[in-house]
Each structure stands twice: as structure tokens, then as C-alpha cells.
Amino acid sequence: MTQQQVSDALGVHSIRISEIERGTRNLPELERRATLWIQTITTPNQPNQHTETLDNV
């Protein structure tokens, strides 16, 4: 997945995803929710449970 695809799915700007990857921005709630979302789309045989965006994080 690209940063843009992740940011679109999570409802945030791609720069936030980049900052998390580089470790230049401490966003524990965004990181936690992003990790959970990624796990739901990459874990085989598990229904996609992602229903929220990160607009307010």
C-alpha cells in the first residue's frame, strides 16, 4: 500500500503517515488505529472490520 492509499482510507493527510513512518511525529492514537486497520485488511480469513476514519485524531 502507498502512503496515499493508507491516508485516504484513514481520512488523514499523507504527510501524517509519512511522519509516523519517519518517527518525527508522536501520534500514538493514530498509530494504534492505523495498525489495527492495516491488520484487518491484511489478516487472511478475517472480515474487514474497518468502519471509522481518523478525522479527529
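Annotations
- Residue in segment 41-51 that is surrounded by 15 or more Cβ atoms within 10 Å (Cβ to Cβ), assigned to a helix (DSSP H, G or I) and modelled with pLDDT of 75 or more present: no
- The set of residues in segment 16-38 that are open to solvent by less than 90 Å² (accessible area, probe 1.4 Å) and over 9 Å from the mean Cα position of the chain (by Cα) comprises Arg16, Ser18, Glu19, Ile20, Gly23, Leu27, Pro28, Glu29.
- The set of residues in segment 15-29 that are modelled with pLDDT under 85 and part of a helix (DSSP H, G or I) comprises Ile20, Pro28, Glu29.
- Just one of (1) modelled with pLDDT under 85; (2) of a type in the set (Ser, Thr, Tyr); (3) part of a loop (DSSP other than H, G, I, E, B) fails for Thr35. It is (3).
- Cross-chain or 6+ apart pairs with Cβ under 9 Å, segment 1-16 first and charged (D, E, K, R), then not in a helix (DSSP H, G or I): Arg16/Arg25; Arg16/Leu27; Arg16/Leu54; Arg16/Val57
- The combined condition, being of a type in the set (A, V, I, L, M) and modelled with pLDDT under 80, is not fulfilled by Val12.
The values are calculated or read from the model by the stated rules, or taken from the named source; none is laboratory data. Note that this is a predicted model, so its numbers are computed, not measured. Cβ sites come from the backbone with ideal geometry, for glycine too, and all protein chains shown count toward neighbours. Just so you know, the surface numbers come from the protein's heavy atoms only, side chains and all, with ligands and any DNA or RNA stripped out. Shrake-Rupley method; radii C 1.70, N 1.55, O 1.52, S 1.80 Å.
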